[in-house]
Structures are given as structure tokens and as C-alpha cells.
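Q: Mind looking over this structure? Questions follow.
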């Protein structure tokens, strides 16, 4: 085996001078597809690398480190997973081009890599993965991800090793056709020795010569990997471990300072060019602020009265999204909340941006100003504003955003909490973000569905299911503690938190979920998906408040409690949105013997896109609904933000429902015509059951003949109107518990207004 020696390399302390990399646009940027952006220094995704062993950064940051140089950082393990040149990333993944299964892969020529090891050693000097499962962050005592700073074309990573703050700026240097990758580090004083992993080379041999760590491959040698330190502190050392791993060690007592790690890999014939790359100046400023890269707003014009309910009591107004923008960014809204002034809202997108819209107080929503505030998030499908500070939930973390120089764009992307576990599975969405009155945060996570939607297993079906898959999660108001509240959810695209801490969620039909439910969530509860129970023995299944058949909801969105007294007669009630059917529903609920049950009645309104994130604006008291068109939905556009406004007209609909042995009691918002309401011929009822199983969804089964497929009609034998004219009691033949009951009615109010609608509901208990 040939061992390389490099005698002519002398390490020099380099004075850092201007110019990290040239500014002309390289070819890879000119060919970049719309889903990948060149105007921001990183993209977050589960990033697949080519070596070693085809490993994946489940929480990867693919960083633009130079003209055609890229590096990937894993915010779980705090390791540099890869460096490469040429092209950026493939577009694989559901959020990029809709394909199930694979996540983005390195598209260029990978130069160095590391396996699933800790980026910083533990107190015993070991880089072995200390986690109980291969998901989630390192133990905090070892190292912790803190977030990053974005300034112009650079990103500065922030993390702690033990209790010592590190800032790290990735970059590169290019000379004579060669590229070296540069890790520029700034650290505090070290009260203990620390060590960082640089790279791994399998089937190699090597050592340290003249201050350069060398690993060579092949017999005879064909490939060489070299690592050097620049401006190294006293006591710093390079080390080759097990003939495959290059590490940097910093001694206890090392004073605060800065230094660089430079990495090169290439053919044997070019190995001597590394000497010049070591000497080449590379400036690292560790800047925390930069100029707003998106200063010009996008102006859109709203549309009033885009739809109305038949009674005219509710109307939708369109807050037109900035789908056409100078950066060619896709706009698909995943989260929504309002600032305290009531004139501005912030919205996150599935593609990782945060937008701020201004002008909600403008008459007729004219000249709405949209500004791009942040970017680079990992499928940010939830957003909450607390004390006028924006938080988002994504697959990798909860992020808190700071505009340090008040120029209208975020500079500091603080990792508020990154304890959540996530695999590379395409379906590990983290949906929605809410707070309770104590200030705790809540979000809900999907399970890693295999391609095609049947069965579970992260990483495209590799069998891994992380601890938080299919769980409703609570993060305390300080971001310090994450706890699992409930388990067994499949794809709950939204949830709700009530004024008294009530927890609700939707879900998506599929394995163990026969139809879309509305769940009334209790702490410690299990909600049906056996693969995602995370408990043995399997706990009892908590039944949902109701099921919704396919025509009503094929993918549930979030819920919102009516906190506004200016939104008609529904103060204190619960609303449900359907992503799949782009619809808004009033939830008709009751509690019987500790079990919630009920159903929904639709607000017959049209939405620009799906109905997914409902939120009341505290200023105008109206409901705003945001949504996106991504996976299966009847949504019209890629993004939508609509206001549902109460017009002041009389509301003609059902407001509540109860079931007991006397029948089904329906209460309306207006007095009914006694003759018409009292005629049972004006009502029609059908019913059916489902079977919960490992199959996808369920056929329908007759309630009276449980093994026979199909639906069955039920006779309405009587209809009695209450003395106040508001409640009609339907006497129903053979009234019994059932998964699904559909009530159709065509009646008149006392003033002659026709009320024609349907109720889809579930009966668990007949008291």
C-alpha cells in the first residue's frame, strides 16, 4: 500500500482578508429549477449523500459555500455530512415535485463525507451516535444546535459544545481548478478538551505529516483526502483515527478565538495543489446581520364578496397571494397568524418562506403589500405570533425569528426547540402551531407513510418509525421541554387549542383510519394508528368526536374556536376546515358519558385554495383561512388566503345537535315554520359503519347487518317543534350508535326563508 508524504506543506497563519467567493453567477444557478433557490445561502431537507454508506442527514442544511461548492450540515448530529462541487441538489421529495419516497440527493461530485456519527465528541472522546434511536438531536450536555444567522450570501451556524458557544461559517476557496472546503470557527474559552469530526474515508490508510492529515485510497493510490488547520490555536491537533476518520482536537484551556479547517479531496495527481489552497486567503466575518435581500414589496389587489352563503350572512373576501413575485418562489401557505396591530399577518409556506402581508385594514383590501421576511425553512406548515415575534414549526425544529437590524427581514433564525424526531420519510410533516393560555406551544406530526399511502416506515419504507411520529406534541413556552401529549395520528393536517385548553385535531383516511375524523384529544390518548401508538401493550382506541365521509372531508385541516363576538351567533363554538374538500364546517358537539360525539354542518362558501389554517383576526373579529394545493385536494389554486366575514344578516342554519332515546334534537339559529318543520317527510336519514383495519380506509357496512356492505335508510317517524320554535326533535326508527349518519332537511324558517342543508355526524352513545 502506498502512503503519500507531503513534505513541502507548511501551515501558515493567514490574515483574513476580503472576498469569500466570486459573485458572478455560475452555470448551476442559471439552470436551477424553481423549487430550489439560489438567492438564499441554504436549503433545508432530508439530504441523501453518496458516501459513506449512502447515509442521510434527516435534518440537513444544504449550504451554498462558493461558486459551485456546497456543504451539508446535519442539525441533529451537528456533523458536516458532505462537501461537493458542480450541481446543487436533485428535486426529489414531496415538497419539491410531489413524488413520494425519496428525498433530495447531492447532484454534484461529492468530495468528502461522514457517516452517522456525532459531529462533536462526548466527554470520553467518542464520536459514536449516543441516541437511543437514529433520530433527534444529540444530548444537550454534549452539543446543541442553536440556529443560524443569515447575512447577504453567507450563513453563520450557531451551536454549543458543552457550555461553550461556537459560531461556524462554511465557505470554500478556489484556485488552479481546485476547490477546498473551509470551516471557519469562532469559539469561547474552553474549560474542557473538545474534538470535532471533519470527515471519513472508507477503505483508506493515512496519518498526519507536516501538519496535514492525509487519507489515501487505492492500491496503488488513486484518491487523496487532505485536511489542514489555519490560524490554529495553541494545543490544537489533527488526528487520523482508525485509518478512516480525520478529527480536530482542541485542548482544555484554549482561549477564545478563531481558526479554520480546510478540506480537499481529489485525484493523486492534484494532491500537491492543496498547499496553495491552504495559503489562499479566505475571509470569515461571522456577521450576524446583512442587507435585506427582499426590500421591495409585492403589491396585490384583494377581491371582495368572492362568495356568499345563501342567506347572505357570511361572505368571503380574497387577500390575493403574491404568487407572481420577483424571486419566482412558489407560494403555498402552511401557517397563519396576526400581529397585534391587526393590520398585518404573517404566513409561512410549505417551501420554507415567511411572508408578511400589510393592509388588512384597507377598505376592499386594495394595495395589499407582501414582503418576504424569511426563507430556508424545512416544510414550515405552522406559524404562531407571540408578542409580535414569529415562530414556525417545521420538520426539523420550531424556529423563532429575529430582525436584528429592523430592516424588514430576519437575520437570526433561532432554533427555539429541535427535540422533535424525524426520518427521511416523505410523509413526516409537522402540522400547525398553537399556544394555550399559559404560553405553551402545540404542534402535531404525521407518521412516515410508505409510498402509495399504505403502511408505515421512515425513509421510504425502511421500517423505522421515530418516537414522535403520529404524535401531538407540546413544547413549553421557553422552548426547553418537548412532551408527547397523544399518539396514533396518521396525517393530521391541522389541530386546534380551545380557550380552556381543549385539544382537537383532524386526520387523513388511510391505514387504521377508515375515514377522516375530528378528534377530541385527551392527554395520554391513543387515536387509532396502531403502528404509531408507541406503547405496549396497545392502548384502547379513543373514538373521535365524529367521522366524516369522503364527500365531506378526505383530508382534514385545522380547527378554530370562535373567540370573536362579532362573527354572528357562534361565539364559543368550534369550526373545522377540510384541506381535501376546501370547506369550512360548524362542529355540532355534545358530551355523553365522557365521550364526545356530534357532527358538522357546512358553511356553503368558496375558498381560493384549500381550507387548512383558520385563525381569527383580533382586530376585525373575522375568520381568516389559509391553505395550499399540494397533495390530493379539490383546491383551485396553489395558495389562498380568504376572510370569512359576518355581514350582519340573519343566519339560517343548525347551531347545535343532541341525541338521546327521544330522538335527534336539532337547534336552529332562527325560529322555524311549525307546519313545515313538524312534517317528517321533510327529513331523510341514512346511516352506515366502517371497519378500522390495517387496510387503506374502509368500505361502508350496514348498521343493522354489520357484515353486509352498503348504507341503509332510516325512517323518520315524527318531527316535533319546541315551544320556542328553535328546536326540532326527530323521532328515528331503530336509533342506535353508528359511525356515520347523514341527515338531510328541507324546511322553512318562520319568516318563510328556506333552510336546506345536511348534517354528517357520528353517534357513539344514545343516552
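Q: Looking at (1) closer than 22 Å to residue 404 by Cα; (2) in contact (Cβ under 8 Å) with a residue 60 or more places away in the chain; (3) surrounded by fewer than 19 Cβ atoms within 10 Å (Cβ to Cβ), which is the one condition that is false for residue 375?
A: For residue 375, the exception is condition (3).
Q: Let me ask something else. Suppose we filter 216, 212, 194 for residues that are crowded, with 21+ Cβ neighbours inside 10 Å and under 30 Å from residue 141 (Cβ atoms); which single one remains?
A: Answer to the selection: 194.
Q: While we're on this one: Taking the range 261-315 only, how many residues are in a loop (DSSP other than H, G, I, E, B), surrounded by 16 or more Cβ atoms within 10 Å (Cβ to Cβ) and in contact with a helix residue (DSSP H, G or I) (Cβ under 9 Å, 6 or more places away or on another chain)?
A: 1
Q: Could you count how many residues in the range 723-751 are free of Cβ contacts under 8 Å to residues at least 24 places away in the same chain and either buried (at least 16 other Cβ atoms within 10 Å of the Cβ) or on the phi > 0 side of the Ramachandran plot (or both)? I'd like the intermediate steps shown before the answer.
A: Filtering the range 723-751 for residues free of Cβ contacts under 8 Å to residues at least 24 places away in the same chain gives 723, 733.
Keeping just the survivors that are either buried (at least 16 other Cβ atoms within 10 Å of the Cβ) or on the phi > 0 side of the Ramachandran plot (or both) gives none.
Residues meeting the conditions: 0.
Q: Need a quick list: strands (runs of 3 or more DSSP E) entirely within the range 498-593 having at least 2 residues that are out of contact with any strand residue (DSSP E or B) (no Cβ under 7 Å at 6 or more places or on another chain).
A: Counting at least 2 such residues, we get 583-592.
Q: Also, quick follow-up: Please enumerate the residues belonging to the range 369-396 that are on the phi < 0 side of the Ramachandran plot and part of a loop (DSSP other than H, G, I, E, B).
A: Of all residues in the range 369-396, those on the phi < 0 side of the Ramachandran plot come to 369-375, 377-378, 380-386, 389-396.
Across the range 369-396, the qualifying residues are 375, 377, 378, 380, 381, 394, 395, 396.
Q: Out of curiosity, is residue 418 at pLDDT 95 or above and either crowded, with 24+ Cβ neighbours inside 10 Å or not assigned by TED's automatic domain parsing to the domain that holds residue 137 (or both)?
A: For residue 418, the condition - at pLDDT 95 or above and either crowded, with 24+ Cβ neighbours inside 10 Å or not assigned by TED's automatic domain parsing to the domain that holds residue 137 (or both) - is met.
Q: Exactly one condition in (1) modelled with pLDDT under 95; (2) within 20 Å of residue 63 (Cα to Cα); (3) surrounded by fewer than 20 Cβ atoms within 10 Å (Cβ to Cβ) is false for residue 104; which is it?
A: Against the list (1) modelled with pLDDT under 95; (2) within 20 Å of residue 63 (Cα to Cα); (3) surrounded by fewer than 20 Cβ atoms within 10 Å (Cβ to Cβ), residue 104 comes up short only on (3).
Q: Considering only residues that are buried (at least 17 other Cβ atoms within 10 Å of the Cβ) and within 24 Å of residue 102 (Cα to Cα), look in the range 462-487 and name the one that is modelled with the lowest pLDDT.
A: 464
Q: So which of 247, 224 is surrounded by 18 or more Cβ atoms within 10 Å (Cβ to Cβ), in contact with a helix residue (DSSP H, G or I) (Cβ under 6 Å, 6 or more places away or on another chain) and in a strand (DSSP E or B)?
A: On the way: 247 fails: in contact with a helix residue (DSSP H, G or I) (Cβ under 6 Å, 6 or more places away or on another chain).
Result of the check over 247, 224: 224.
Q: Given the residues 182, 173, 156, which is the only one that is at pLDDT 95 or above, touching a helix residue (DSSP H, G or I) at 6+ places or on another chain (Cβ under 7 Å) and within 25 Å of residue 376 (Cα to Cα)?
A: 173
Q: Also: So how many residues does the range 27-65 have that are under 27 Å from residue 274 (Cα atoms) and modelled with pLDDT under 60?
A: So the count comes out to 1.
Q: Let me ask something else. Provide a single number: the residues in the range 138-166 that are outside any strand (DSSP E or B) and surrounded by 22 or more Cβ atoms within 10 Å (Cβ to Cβ). Full working, then the answer.
A: If we filter the range 138-166 for residues that are outside any strand (DSSP E or B), which is where we start, we get 138-142, 152-153, 162-163.
Cutting the leftovers down to surrounded by 22 or more Cβ atoms within 10 Å (Cβ to Cβ) gives us 138.
Of the residues in the range 138-166, 1 are outside any strand (DSSP E or B) and surrounded by 22 or more Cβ atoms within 10 Å (Cβ to Cβ).
Q: Condition first: over 27 Å from residue 36 (Cβ atoms) and either touching a residue at least 40 places away in the same chain (Cβ under 8 Å) or buried (at least 24 other Cβ atoms within 10 Å of the Cβ) (or both). Now tell me which residues in the range 325-344 satisfy that.
A: Listed by number, the residues that qualify are 337, 338, 339, 340, 341, 342, 343.
Q: Residues in the range 193-236 that are out of contact with any strand residue (DSSP E or B) (no Cβ under 8 Å at 6 or more places or on another chain) and within 21 Å of residue 254 (Cα to Cα): how many?
A: Qualifying residue count for the region: 1.
The values are calculated or read from the model by the stated rules, or taken from the named source; none is laboratory data. The structure displayed is predicted, hence computed values, not measured ones. Cβ: placed from backbone, ideal geometry, glycine included. Neighbour counts: every protein chain shown.
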